[in-house]
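The values are calculated or read from the model by the stated rules, or taken from the named source; none is laboratory data. Since the structure is predicted, the reported quantities are computational estimates derived from the model, not experimental observations. As a convention, Cβ positions derive from the backbone with ideal geometry for all residues, glycine included, and neighbour counts pool all protein chains shown.
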Amino acid sequence: MQKPLLEVNGLKKYFDIRGGVLGKKVGEVKAVDDVTFTVKEGEILGIVGESGCGKSTTGKSILRLIEPTDGEVKFEGRDITAVTQEEMRKLRRDMQIIFQDPYASLNPRHTIEKVISEPLLIHGMKSVKERKERVRELLEVVGLSDYHASRYPHQFSGGQRQRIGIARALANNPKLIICDEPVSALDVSVQSQILNLMEELRDQFNLTYIFIAHDLSVVKHISDRVGVMYLGRMVELADKDNLYDDPKHPYTRALLSAVPLPDPDVKKERIILKGDVPSPANPPTGCTFHTRCPNVMDICKTARPQFNQIDENHAVACHLYN
Amino acid sequence: MKIEERPKVEKLLTNPVKRNHQFDTVEVKVSPPWKDAVKQLRKNRFAVAGFIIIVFFVFLGLLAPLLTPYSYEEQNLANRLLAPSADHWFGTDDLGRDIFTRIAYGARISLQVGLFAVSGALVFGTILGIVAGYFGRWIDTIISRTFDMLLAFPSILLAIAVVAILGASLENALIAIAIINIPVFGRLVRSRVISLREEEYIMAAKAQGMKNGRILLHHILPNSMAPIIVQSTLGFGTAILDAAALGFLGLGAQPPMPEWGKMLADSRNFIQLAPWTLIAPGISIMLVVLGFNLIGDGLRDAIDPKMKS
């Protein structure tokens, strides 16, 4: 068993809702509510869920780009929620992020050379020559060329920009990369190129990914383990094959049944969920899914289900499995 | 409920390190964004006209001693209120001084006032605006409310108050004009910084481990430059106008300095007798302000924050 690289314990992020003339706190949005998981070295953990379920907030809270409200994030055994800003700044060379929107995540006034060499400079690579060399190397690694370095971001296509974003994340040889929906803004054909690139890079540089996405087939393609989030909570976490072949949580089942099949002759039962996702500002009591769950029981309305290990490498938060 | 295994996406790249260019191999000419802006500006006829006007006045000021044999302060009472002629292109004023000479030397004063007042307001306004916008919270509250207080007064009234406290002189008028322009720049920069702060590339900069200072100087400031440049150019015009107004009220340049506003004030008694004494400084003020406004408008069109290509 590999040792865990990242341990997330009871991570919470509540955003305050302020109203009135004086900006008094009138409520809070529980974007991430008590999420716990570990990521082993060298693995790819996929996180899926609908829009607004807190996937991205989880990713950004782990890096403290959004300060978590509560909880513990241990990176290589060290709780990084407790370190000072300056220490955190130094730790960032080991923990990187790839953003969803390759059009917004690159400074439009910087050349690619500057975009990729800046992280090198701030983490101590002072020599201009070394930096140039490294930028060239990184561009090649992500499938771009030397001469692209002097261009500006607006002169690239979406897929190329995402490659630049990946090169920037790789600059300081990080150990962990959080991929915040890195392919959802790209065309399908380009998506597969980027996914293949990311897999290759993982093998080549021994990286660990947390791969956030809402596309189930993308996550299935790339992940080793998959976590499913609903309304700020992790409802199921299992090995990829376990999860896709034998989903336990009713929400996971419904999600998977919605994946379109490439074969029009195959008929399968679809589980249609009723209603909308409740507001995270006022989540339902007990299990947050009980308002839409086809298997709802009385206990679901009052008690929040524990996140239980029901099998080796398969955990689920549902009263059906207690 | 088994999901069909999807065909694995064909590997496009087999050897990731040595790889041929899969994209265009044609070298594309790369021009930095400001070059595009200059190109855009040169196409704008009004902006070019404004530029020519300003260049004209700059040279008028710089070359004043070469252009005219007269002194701007020496009185010649025998030649009082002469109409424009070959000797005195714009005529003479009530003390017999050549008006063209005074306009030329006055260009120096006006352009200097514009330059120093705008730079002062620019530096302090930008610093305060960036600090307020980036750090937010109570710092923002203090700075923004102070700006609101300054903006609550009509600007010329505030300038008069500042000059009244400091004493009437060109330097103090200049300081007053700089002060009344600080909140204009400050608010502009603050709002720009607040919108930039939410940009993903700023979060990306933070994620890379950059310090606040670097994020401000290398990422936020360069991206806020466009509105600052436009405002500076437009501010040049208003600063000159304000200086002329203060001069007209006797609160700016003191005699015998050939300040255009002061010239207007001194000759307003002769409007019927010798209208040229008013026309020359009046038109000069108008032209310079117009010139800066034309350039400013042209810049606003040319520097589009979403750069096209």
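List of remarks:
- Selected residue (criterion: farthest from A:His290 (Cα to Cα)) from residues of segment A:245-256 that are assigned to a helix (DSSP H, G or I) and either more than 11 Å from every other protein chain (Cβ to nearest Cβ) or touching a Leu at 6+ places or on another chain (Cβ under 9 Å) (or both): A:Leu256
- Filter result (free of Cβ contacts under 8 Å to residues at least 24 places away in the same chain and not hydrophobic (A, V, I, L, M, F, W, C)) within segment B:93-111: B:Gly96
- A:Met198 being part of a loop (DSSP other than H, G, I, E, B), of a type in the set (A, V, I, L, M, F, W, C) and more than 9 Å from every other protein chain (Cβ to nearest Cβ): no
- Residue check for A:Lys132: assigned to a helix (DSSP H, G or I) and in contact (Cβ under 8 Å) with a residue 60 or more places away in the chain: no
- Condition met for B:Gly209 (under 29 Å from A:Thr84 (Cα atoms) and in a loop (DSSP other than H, G, I, E, B)): yes
- Hey, B:Ile283 over 30 Å from B:Ser144 (Cα atoms), assigned to a helix (DSSP H, G or I), of a type outside the set (Phe, Trp, Tyr) and out of contact with any strand residue (DSSP E or B) (no Cβ under 8 Å at 6 or more places or on another chain) or not: yes
- The condition (being surrounded by fewer than 21 Cβ atoms within 10 Å (Cβ to Cβ), in a helix (DSSP H, G or I) and in contact (Cβ under 8 Å) with a residue 24 or more places away in the chain) is satisfied by just one residue among A:Val190, A:Val259, A:Val218: A:Val190.
- Among the residues of segment A:201-215, those that are under 21 Å from A:Lys60 (Cα atoms) and either at the interface with chain B (Cβ under 10 Å from one of its Cβ atoms) or in a loop (DSSP other than H, G, I, E, B) (or both) comprise A:Leu207, A:His214, A:Asp215.
- B:Ser224 vs. criteria small (Gly, Ala, Ser), over 20 Å from the mean Cα position of the chain (by Cα) and part of a helix (DSSP H, G or I): no
- Selection count, segment B:43-96, where residues are part of a loop (DSSP other than H, G, I, E, B) and surrounded by fewer than 14 Cβ atoms within 10 Å (Cβ to Cβ): 7
- Boolean, B:Ala244 is in contact with a Pro (Cβ under 9 Å, 6 or more places away or on another chain) and among the hydrophobic types (A, V, I, L, M, F, W, C): yes
- Scanning segment B:241-263 turns up at least one residue that is part of a helix (DSSP H, G or I), charged (D, E, K, R) and within 17 Å of the chain's Cα centre (by Cα).
- The listed residue being assigned to a helix (DSSP H, G or I) and surrounded by fewer than 24 Cβ atoms within 10 Å (Cβ to Cβ), out of A:Asn172, A:Asn242: A:Asn242
- Considered as a group, the residues in segment B:211-254 that are under 20 Å from B:Val163 (Cα atoms) and among the polar types (S, T, N, Q) include one that is surrounded by the most Cβ atoms within 10 Å (Cβ to Cβ), and that residue is B:Thr238.
- Selection over segment A:193-213 of residues that are over 17 Å from A:Lys40 (Cα atoms), in contact (Cβ under 8 Å) with a residue 40 or more places away in the chain and in contact with a helix residue (DSSP H, G or I) (Cβ under 6 Å, 6 or more places away or on another chain) gives a count of 1.
Listed here are the residues, each with its yes/no results for (1) under 30 Å from A:Glu200 (Cα atoms); (2) touching a Lys or Arg at 6+ places or on another chain (Cβ under 6 Å); (3) within 14 Å of chain B (Cβ to nearest Cβ); (4) buried (at least 16 other Cβ atoms within 10 Å of the Cβ).
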| residue | (1), (2), (3), (4) |
| --- | --- |
| A:Leu231 | no, no, no, yes |
| A:Arg270 | no, no, yes, no |
| A:Pro280 | no, yes, no, yes |
| A:Phe307 | no, no, no, yes |
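- Residue in segment B:18-34 that is in contact with a Phe, Trp or Tyr (Cβ under 9 Å, 6 or more places away or on another chain), of a type in the set (Ser, Thr, Tyr), modelled with pLDDT of 65 or more and not in a helix (DSSP H, G or I) present: no
- Candidates in segment A:170-180 are the residues that are in contact with a Leu (Cβ under 8 Å, 6 or more places away or on another chain) and either of a type outside the set (A, V, I, L, M) or within 23 Å of A:Gly49 (Cα to Cα) (or both); of these, the one that is farthest from the other protein chains (Cβ to nearest Cβ) is A:Lys175.
- Residue list for segment A:124-169, restricted to those being acidic (Asp, Glu) and within 11 Å of chain B (Cβ to nearest Cβ): A:Glu137, A:Glu140, A:Asp146
- Subset of segment B:163-181 [crowded, with 19+ Cβ neighbours inside 10 Å and within 16 Å of B:Pro255 (Cα to Cα)]: B:Leu170, B:Asn172, B:Ala173
- Condition met for B:Ala204 (crowded, with 17+ Cβ neighbours inside 10 Å, part of a helix (DSSP H, G or I), on the phi < 0 side of the Ramachandran plot and within 14 Å of chain A (Cβ to nearest Cβ)): yes
- With respect to the conditions (1) surrounded by fewer than 23 Cβ atoms within 10 Å (Cβ to Cβ); (2) more than 11 Å from chain B (Cβ to nearest Cβ); (3) within 24 Å of the chain's Cα centre (by Cα); (4) of a type in the set (A, V, I, L, M), A:Val183 falls short on a single one, namely (1).
- Of all the listed residues (B:Leu158, B:Leu128, B:Leu122), the sole one being in a helix (DSSP H, G or I), at pLDDT below 90 and closer than 14 Å to B:Ile182 by Cα is B:Leu158.
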